[in-house]
Each structure stands twice: as structure tokens, then as C-alpha cells.
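Report on one structure; see the data block that follows.
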Amino acid sequence: MRNSKNSEIIKKEPEMKKTSLLLTVFTIVMLFGCSHSDTSTMKIANHSQPLDGEAEILQSWQGDYPVVKFKLLPEKQREQGVGFINNAKTFGAVWKAFKPGEDIPEIDFKANLVLFARNTQFYNHISIGKVNVKNGVAEVLAMETMSAMPIEEKVAISLVVVAREGIIAIQAGDKNVLINNNNSH
């Protein structure tokens, strides 16, 4: 009986070798076949990757903004010192209050965002000098003159245009405000 079992094992051994070889070949084919990437898929995936580093400022403006026109700023960003505008309708309304009589700059809001920084306590000239991004969260770095003039009828505001890609939120004080990518308020 012992010889019978040994002969069965010997007969099954070539089958097991074939199965192992097929599994090895299948695994190698899958590894190499799946490692090929479609560049169009990579472009979409990279589009949603959070940015780390400095966002390039593409355009910038500084000036006065009337306090009575705060209602034109994005609704949940009216009390904050920094914020963003991600659509042409809101930007157009803000621009008309900011630079009355001047043509509204053309901005591609599918590719770009407008970030702003404004006074919240005292009237001081303000200018955004840099936008740092860490893990997709933009931090607006602005310089302000120092005065004790209270805010009455106007604030100073600075607006900049940056590329939207890789920015998922903006740091506003101690919280992050998510940027909605559907070009709404």
C-alpha cells in the first residue's frame, strides 16, 4: 500500500509543477500588465492631488472695498480676514464694488481661484505677498501697514489669482474652509 501512495504522489508531482508554473506566469503577466498606466487617467488623478509648496500668484490687485458691499463676498466668508472666490458671477459683483468703472478682468475659474485678504479690525493697507500650500490647504501671507484707524466706511483688500489645481481648502484663522470645485459660492 505504501508503494501505491508513493506512485500517486509521483504521478501528481508533474501536474503540481505545471500548476505552479502557470500560477507564476499568470502572476508575472498581471504584475507587468497592471503596471502599465494610462496617461489620461494619471492626468485626472494628478488633478486632484493636494499641492505642497508655493502657489504662483498670476495676477494681483489692492485697494479699498466698501463695508456696505460685504454682502457681495461669498456668504460664509464675510466675517473672515481671508477667503476665496471661485466663480465669475461673485467675482464680477465684488469687482464692481472694488474698482467701479473698471473692466472686470477675465479669469478662467475652471483653472483658477481668486484669494482675498482684507482688514478685520483697523484700516490698514494690505497686500498678499505669497500663498503657501501644504497638503492642499492654502495659507495666504499678507503684509499690512499698522495704524489705529478704525474701520468705518471702507477696508483695504488685496485679491490674487492662483491656479486652482491641488488647492482643496484655504486656511481662515484657526479653521480650513473647503473650496467647492463646482464653481459655486
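Computed quantities for the displayed model
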| item | result |
| --- | --- |
| Top-ranked residue in the stretch 59-73 [being outside any strand (DSSP E or B) and surrounded by 18 or more Cβ atoms within 10 Å (Cβ to Cβ); ranked as farthest from the chain's Cα centre (by Cα)] | L72 |
| Among the candidates K71, K76, residue that is of a type in the set (K, R), touching a residue at least 60 places away in the same chain (Cβ under 8 Å) and more than 16 Å from S158 (Cα to Cα) | K76 |
| Check on L159, surrounded by fewer than 19 Cβ atoms within 10 Å (Cβ to Cβ), modelled with pLDDT of 95 or more and hydrophobic (A, V, I, L, M, F, W, C) | no |
| In the stretch 74-85, residue modelled with the lowest pLDDT [restricted to those that are within 20 Å of the chain's Cα centre (by Cα) and assigned to a loop (DSSP other than H, G, I, E, B)] | Q80 |
| Elements of type strands (runs of 3 or more DSSP E) contained in the stretch 91-178, each with 2 or more residues being in the same structural domain as R78 (by TED's automatic domain parsing), within 12 Å of the chain's Cα centre (by Cα) and not aliphatic (A, V, I, L, M) | 126-134 |
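The values are calculated or read from the model by the stated rules, or taken from the named source; none is laboratory data. If you're wondering where the values come from, they're calculated on a predicted model, not measured in any experiment. Here the Cβ is made from the backbone with ideal geometry for all residues, glycine too, and neighbour counts use every protein chain on show.
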